[in-house]
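Peer 1: A single structure is presented below for examination.
The values are calculated or read from the model by the stated rules, or taken from the named source; none is laboratory data. Here the structure is a predicted model, which is why all the values come from computation and not from measurement. Positions of Cβ are generated from backbone atoms using ideal geometry, with glycine treated the same way; all protein chains shown enter the neighbour counts. When the accessible area is computed, the model is the full protein with side chains, heavy atoms only, and any ligands, DNA or RNA have been set aside. Shrake-Rupley method; radii C 1.70, N 1.55, O 1.52, S 1.80 Å.
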Amino acid sequence: MMETQRMFLFVALALVMLLIWSAWQQDYGPQNAAVEPAPQAESEAPATAQSPAAPGAESPVPEAGGDDRTPVGESAQAAATAQTDVIRVQTDLLDVRIPLAGGNVTSARLLDHTVSESDPTPFQLMAPADPLFMAQTGLVGDGVDAPDHQARWQAEAGEYVLEGDADRLTVPLRWQSPTGVVITRRYIFERDSYVVRVVHEVNNPTDTPWRGYQYNQLRRSAQTEGPGFLGAASYTGGVIYSPEEKYNKISFGDMEDEDLSRDIDNGWLAMIQHYFLAAWVPPRDENLRYYSRVSNGGYILGQSSPWQTAASGEQVVFENRLFVGPKEQDRLDAIAEGLELTVDYGWLTIISKPLFIALDWIHGVVGNWGWSIILLTFGIKLVFYKLSETSYRSMARMRKLQPEMQKLRERYSDDKQQMNQELMQLYKKEKVNPLGGCLPILIQIPVFIALYWVLLESVELRQAPWVLWIQDLSVRDPFYVLPLLMGLTMFLQQKLNPAPMDPIQQKIMMGLPVVFTVFFMFFPAGLVLYWVTNNTLSILQQWVITRRIEADGKKANA
């Protein structure tokens, strides 16, 4: 039974390591190197091609009428000229590029997030190439002229900056049809916000009614994804949300298999990746058509509004909101229902979410994510104190029985069945549960995995320093000090546990600290910090309990 218990624990811990290693490789291995690219030159043009769904290069959007509201195509000529006459917009959080050819957001840098700890260049979430990721918007008219996402716009200035005393910055673009209809596209930026309001104002001074709809879409090139283990991989791809179906992933593979076409009220769409996302969040109580397409230039996820009509001398307004930024949960929760779900904690969200809330609250008090992890670990140990105590008491009693167990093994070395019967009688006599030390630990494993996802997926911990050499808790310890401390604490824990009787198992158990130390050299420093703290507290608790049981035994024999 003792060997079974140890083997059970070994398999469980190995499973956890495999799960974490798979996810870590998924996020930081070479196959996903393009997920967080270095900024690209603004002059690079995206290698796009005509979407199969588009009628042709000369007519890049579907003909108006009926329910066909899915514009997706882009001609090679428009793509080649997309970076000429580019407007630059700077706020306190964003550095955005909007070419007049198309009037779309083709580049967005996040000024509060750098490429890495060693590279202070602002992180570029959107880029015109390598990889392609942009937000496109336009209008489609019903038999009338309308500016799509390739139209040429006019601007009043080439650069807009949010001044220090201003809370809002408006970037107007102007387009006029041959018949005299004037359409103004306004990008409205606000201080301390990653949300950009996108407004189309259609003014119709002509004698003919103007009828059309607005579409908004995200276009990006595919990211290479390796196979995850039990779904344990940071997701890169599309997402749509509806009040009925909630959070629904539309992966690149799904887009290749089938074009999405769905009417949704009070929803939103997004393209997400590790730590960051872009999302279109339309006005509430408005029915929109959600669609997806695949072209040679990338994957498209979009939404189109209901038709509106501007009679002679009237104006109609189309509006949407574009979010381009990090997955900061407080911000996302305030923008739209369910948007915080883009912080994907996987199948243990029910545990991960409360852990993050607790961690975030502690950080609000102490102001340092490293100390917050340590204090959270104290809290988790307190919650599981009784379970851990049961486990350590069982181990201490097993340790006390080891001399008698060894005698039984030697006496019945040729009769395994009889030896097991005698061992069970000994356990019953001494009121020891051989699995008592195993089950409480297994119960805590989901908490460990959930905390792993919190530390890996929360952008709040990206490039967050702790002390001294640990300047980014989301990446591995550069000097491997924490993994070595983890291995040392694991070795000390083994010394407090009863040693296996089998010499082969003894060698295996002695080698585990070395194996785990090597594993943890590649894990985020925040996760290793949690494990070191947890092991240290476990050693103190186990040492106290072991000494108490040994003292009680001496009193009983006195």
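Peer 1: Which order do the peptides 267-276, 177-186, 208-217 come out in when sorted by mean C-beta neighbours inside 10 angstrom, highest first?
Peer 2: The packing order, highest mean first, is 267-276, 208-217, 177-186.
Peer 1: Can I ask one more? Take every Cα pair under 8 Å in region 131-189 that's 6+ residues apart, average their separations, divide by the length, and report that relative contact order as a whole percent.
Peer 2: After rounding, I find 25 percent.
Peer 1: Carbon-plus-sulfur fraction of the accessible area of region 303-360, 1.4 Å probe, in percent?
Peer 2: 56
Peer 1: Given H placed on each backbone N at 1.01 Å, which residues far from residue 472 in sequence or on other chains put an amide H within less than 5 Å of it?
Peer 2: Excluding prolines and chain starts, which carry no amide H, the hits are 466.
Peer 1: Check residue 151: other-chain or 5+ apart residues with amide H under 5 Å from its amide H, H built from backbone geometry?
Peer 2: Amide H neighbours of residue 151, under 5 Å, 5+ apart: 102.
Peer 1: Separate question: Using the charge dipole of region 151-268 (Lys, Arg: +1 at Cβ; Asp, Glu: -1 at Cβ; taken about the Cα centre), state which of 205, 183, 253 has its Cα farthest towards the positive end.
Peer 2: Comparing the listed Cα positions along the dipole, 205 ranks first.
Peer 1: Another question about this same structure. For region 372-385, take each phi angle, set θ = phi - 60°, evaluate the Karplus expression 6.51 cos²θ - 1.76 cosθ + 1.60, and give the result in whole Hz per residue in order, putting x for glycine and proline.
Peer 2: 5, 4, 5, 5, 5, 4, 4, x, 5, 4, 5, 4, 9, 4
Peer 1: Output wanted: per-residue J couplings in Hz (rounded whole) for region 254-268, from phi through Karplus 6.51 cos²θ - 1.76 cosθ + 1.60, θ = phi - 60°, x for Gly and Pro.
Peer 2: In residue order, the calculated couplings are 4, 5, 5, 6, 7, 6, 6, 8, 8, 8, 9, 9, 6, x, 7 Hz.
Peer 1: A 25 angstrom limit on the alpha carbon distance is what I want to check against. Which of 246/353; 327/386; 386/495; 246/327; 327/353 exceed it?
Peer 2: 327/386
Peer 1: A further question follows. Per-residue HN-Hα couplings for region 97-114, Karplus 6.51 cos²θ - 1.76 cosθ + 1.60 at θ = phi - 60°, whole Hz, x for Gly and Pro?
Peer 2: So the Karplus estimates, Gly and Pro as x, are 10, 10, x, 5, 7, x, x, 9, 7, 9, 8, 8, 9, 9, 5, 8, 10, 9 Hz.
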